[in-house]
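What follows is a short report on a single structure.
The values are calculated or read from the model by the stated rules, or taken from the named source; none is laboratory data. Treat the numbers as computed from the prediction; the structure is a model and nothing was measured. Counting neighbours? That spans all protein chains shown, and the Cβs are built from the backbone with ideal geometry, glycine included.
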Amino acid sequence: MAVYGWIGLGNMGGPMTANLVEAGHQVKGFDLDPAACDAAKAQGVEIVGSIAEAVQGSDAVFTMLPKGEHVRSVYEGDAGIWAHATAQTLLLDSSTVDIETSRFCHEGSLERGLKFVDAPVSGGISGAAAATLAFMVGGLPEHTAEAVEHIKPLAGKTIVAGGATSGIAAKICNNMMLFIDLMASAEGSQLAQKLGLDPKVFWEIASVSSGRSWAQQTWYPVPGVIETSAADNNFDATFRVDLARKDIGLALDAGVMTGVKLPAAALAREHFDALIAEGLGAKDCSLIVKNVSPDGTV
Ligand code: NAD
């Protein structure tokens, strides 16, 4: 049995910690939100009142927080992770953050003689619950090898991407491709319908043709075609618009940093910004189909 500290018990951290408990490990969880703590406690997580308590005596400490600013804030300062970790503690950040925050965590850990890996995930809330998440891990080889062992109860697949920040770089690029593919499915699905095609028939054609993608297979934004689409559920979120906007923003920032031109990603950002301006940030990101339908309805 290993002992884990876990900071961030939200939609992802909740089910992920439940899986560690299920696998027979002790988990000391910390979150600012009492409701998140109560839900995790009901799954067998031991709720602690500070980051220090979560970190002290733990073999590994995960962070699963919304944004880079949250991750930095829990690492820094007298009450933070760095102040209480030892050279034995493996630190893993599984949040989706900007490259700079991830580099900050790597460099700050290295300076203090601590072990850190970036270990973001793909697979969503359902993957977190089913322990089938894809993890992409970056860091020093001896640290990533140790991380792979700790991740096993949570993952369907773990791929070591390379050195520091390579895991988060992979995550940012992957999600950018996903949202660009989602735009293609939104436009293709609307055009096909207006050209008189039956939505299900066109989906079947695209599924065995070159229009196939994960977004087309899983998020096709037309009701009555596939069960996993939010379109069948009033566009209630499986992946929120505002989180998608955050992720595409991370890709665009990385584009500025590297000089790579990302016009399709910029267009995706416009879609998400338009929905957020309408107060639809908490709905599903596949609602961008509304922006391309002739009369704005779906
Ligand atoms: P969430 O908002 O549901 O959970 C985040 C939790 O962090 C909340 O419970 C919040 O109270 C807590 N928190 C914030 N600041 C804190 C602090 N300083 N100390 C302690 N707790 C704090 O978000 P989520 O959906 O669980 O996502 C977490 C991360 O995983 C994000 O970076 C997200 O982009 C990424 N991610 C999410 C999904 C998904 O489908 N939801 C999929 C892959 C990756």
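Residue-level check: of (1) within 28 Å of A266 (Cβ to Cβ); (2) crowded, with 24+ Cβ neighbours inside 10 Å, L154 misses just (1).
Within region 140-161, can one find any residue that is in a loop (DSSP other than H, G, I, E, B) and within 21 Å of A54 (Cβ to Cβ)?
Our first condition is that a residue be in a loop (DSSP other than H, G, I, E, B); within region 140-161, this holds for 140.
From the residues that got through so far, the ones that are within 21 Å of A54 (Cβ to Cβ) too are none.
Within region 140-161 (the criterion being in a loop (DSSP other than H, G, I, E, B) and within 21 Å of A54 (Cβ to Cβ)), the answer is no, since none of the residues qualifies.
Let's see how each residue does on (1) under 30 Å from S102 (Cβ atoms); (2) within 16 Å of the ligand (Cβ to nearest atom); (3) at pLDDT below 95:
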{"position": "D198", "(1), (2), (3)": "no, no, no"}
{"position": "P221", "(1), (2), (3)": "no, no, no"}
{"position": "L243", "(1), (2), (3)": "yes, yes, yes"}
{"position": "D247", "(1), (2), (3)": "yes, yes, no"}
{"position": "A254", "(1), (2), (3)": "yes, yes, no"}
{"position": "K261", "(1), (2), (3)": "yes, no, no"}
{"position": "C285", "(1), (2), (3)": "yes, yes, no"}
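Filter region 36-69 down to residues that are of a type in the set (A, V, I, L, M) and more than 21 Å from the chain's Cα centre (by Cα) and give me whichever is nearest to the ligand (Cβ to nearest atom). The residue in question is I51.
Highlighted here are the helices (runs of 4 or more DSSP H) found entirely within region 1-94 that include at least 1 residues which are of a type outside the set (G, A, S) and crowded, with 20+ Cβ neighbours inside 10 Å: 13-22, 51-55, 68-75, 81-84. Mind listing whichever residues of region 282-298 are surrounded by fewer than 18 Cβ atoms within 10 Å (Cβ to Cβ) and within 24 Å of the chain's Cα centre (by Cα)? Once the filter is applied, which keeps residues that are surrounded by fewer than 18 Cβ atoms within 10 Å (Cβ to Cβ) and within 24 Å of the chain's Cα centre (by Cα), region 282-298 yields only A282.
Among the residues examined, E76 qualifies as within 14 Å of the ligand (Cβ to nearest atom) and more than 17 Å from the chain's Cα centre (by Cα).
Taking only region 124-145 into account, find how many residues are crowded, with 19+ Cβ neighbours inside 10 Å and either more than 15 Å from the ligand (Cβ to nearest atom) or not assigned by TED's automatic domain parsing to the domain that holds A23 (or both). Before you say what the answer is, go through the steps one by one.
Let us first name the residues in region 124-145 that are crowded, with 19+ Cβ neighbours inside 10 Å, namely 127-128, 131, 133, 135-139, 143-144.
Cutting the leftovers down to either more than 15 Å from the ligand (Cβ to nearest atom) or not assigned by TED's automatic domain parsing to the domain that holds A23 (or both) gives us 138-139, 143-144.
Result for region 124-145: 4.
A Cβ distance below 8 Å, combined with a sequence gap of six or more or placement on separate chains, defines the contacts here; from region 259-285, residues that are closer than 14 Å to A244 by Cα reach residues that are in a strand (DSSP E or B) in the pairs L275/K283; G281/R240; A282/R240; K283/D236; K283/R240; D284/D236; D284/R240; C285/R240. Only a single criterion out of (1) surrounded by 14 or more Cβ atoms within 10 Å (Cβ to Cβ); (2) within 22 Å of D98 (Cβ to Cβ) is not satisfied by D232, namely (2).
Inside region 203-298, counting only helices (runs of 4 or more DSSP H) that do not spill past its ends, which hold 2 or more residues that are over 16 Å from G124 (Cα atoms)?
Details: elements: 214-218, 241-258, 263-277, 289-292.
Hits in region 203-298: 241-258, 263-277, 289-292.
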